[in-house]
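Shown next, in structure tokens, is the structure this report addresses.
The values are calculated or read from the model by the stated rules, or taken from the named source; none is laboratory data. Here the structure is a predicted model, which is why all the values come from computation and not from measurement. Glycine gets a Cβ as well: all are built from the backbone with ideal geometry, and neighbour counts include every protein chain shown.
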Amino acid sequence: MYLKKFDLTSRVAVVTGGGQGIGLACVEALCEAGAHVVIADFDQAVAEKGKAAMAAKGYTPEIVIMDVTNSSRVTEVADELVARHGHVDIIVNNAGIARSETPAETVTDEHWLNVIDVNLNGLFWCCRAFGRHMLEHKSGSIVNIGSMSGFIVNKPQEQSYYNASKAAVHHLTKSLATEWASRGVRVNAVAPTYINTPLTAFAKTNATMFNTWMEMTPMGRMGEVDEIASVVLFLASDASSLLTGSIVQADGGYTCW
């Protein structure tokens with residue numbers, strides 16, 4: 001009974017930023033559970049590399065090239081995928097950027113707008129475009145990748161723009177969840193700690209920063225991409241059927257202190 005709740009056979013899932021890092025781990029988790037997965041990435045080369053990595057493990061994800069900040073393209077992709085497959089049951093909104101280590105007083109308009117455009121606007125365009133189809137089918141699971149930075153202020157790096165974007169993602173998740181709960185669509189989020197990905201690689205060359213991160217994490221380590229993908233799989237599946245509007249803090253205990 002319980003393991004069957006994780007079975008995603010016959011379901012179609014889309015993962016934005018799915019060509020590498022947390023996104024690619026989510027692609028693998030959803031494929032393993034039986035879903036037909038679409039890697040949605042703005043970088044053709046990254047998408048192809050991710051697809052090849054999955055092919056080596058026996059999975060056959062599809063690729064679409066999509067920049068989440070282009071709302072018309074997002075809508076076009078959502079419509080095309082539903083026309084092709086009949087439905088999209090899951091979307092994992094993983095695409096995001098950080099651009100950390102810039103003090104607020106020196107943040108340019110371009111910097112601020114770029115982070116907000118990818119992390120918040122792009123995520124909403126995806127929720128809106130795919131959510132419309134899910135609402136028509138009265139079924140769907142949306143999983144947003146937030147961050148513990150939506151709850152706390154990180155140190156020692158300055159990143160007010162990133163923190164603000166992720167706090168907004170969390171509140172947007174709750175807002176959409178309440179609007180759509182009675183219409184069959186669940187909306188949840190994961191709030192990860194520092195994860196071993198290209199996005200956090202810069203910290204390993206900064207001993208002061210990295211040591212601070214570890215000192216402030218009760219588990220004393222960074223997370224791995226599969227640990228986040230496991231939570232995403234849970235939220236995408238029927239195993240989490242009573243959850244909507246939840247922000248799962250997968251943070252190694254960071255926000256406890």
Looking only at the stretch 188-207, and only at residues there that are in contact with a helix residue (DSSP H, G or I) (Cβ under 8 Å, 6 or more places away or on another chain) and more than 18 Å from Asn119 (Cβ to Cβ), the one that is modelled with the highest pLDDT: Asn196
Give me the helices (runs of 4 or more DSSP H) completely within the stretch 140-257, filtered to those with at least 3 residues that are farther than 30 Å from Val12 by Cα and touching a residue at least 40 places away in the same chain (Cβ under 8 Å), ordered by residue number. 160-180, 207-215
Exactly one of these conditions fails for Thr217: (1) crowded, with 20+ Cβ neighbours inside 10 Å; (2) in contact with a helix residue (DSSP H, G or I) (Cβ under 8 Å, 6 or more places away or on another chain); (3) under 22 Å from Gly17 (Cβ atoms). Give me its number. (3)
Going through the stretch 60-112 in order, the residues found to be touching a Gly at 6+ places or on another chain (Cβ under 8 Å) and more than 29 Å from Tyr194 (Cα to Cα) are Val88
For the structure I just gave you, tell me whether Trp213 is at pLDDT below 95 and within 29 Å of Lys155 (Cβ to Cβ). no
Can you find, within the stretch 1-47, the residue that is nearest to the chain's Cα centre (by Cα) among those that are farther than 25 Å from Ser71 by Cβ and of a type in the set (Phe, Trp, Tyr)? Phe6
Name the residues in the stretch 187-210 that are hydroxyl-bearing (Ser, Thr, Tyr) and either within 16 Å of Asn154 (Cα to Cα) or surrounded by 22 or more Cβ atoms within 10 Å (Cβ to Cβ) (or both), would you? Thr193, Tyr194, Thr200, Thr208
Would you tally the residues in the stretch 52-81 being under 18 Å from Leu113 (Cβ atoms) and of a type in the set (Phe, Trp, Tyr)? 0
Let me confirm something: among Glu224, Glu158, Glu136, which residue is under 28 Å from Glu105 (Cβ atoms) and charged (D, E, K, R)? Glu158
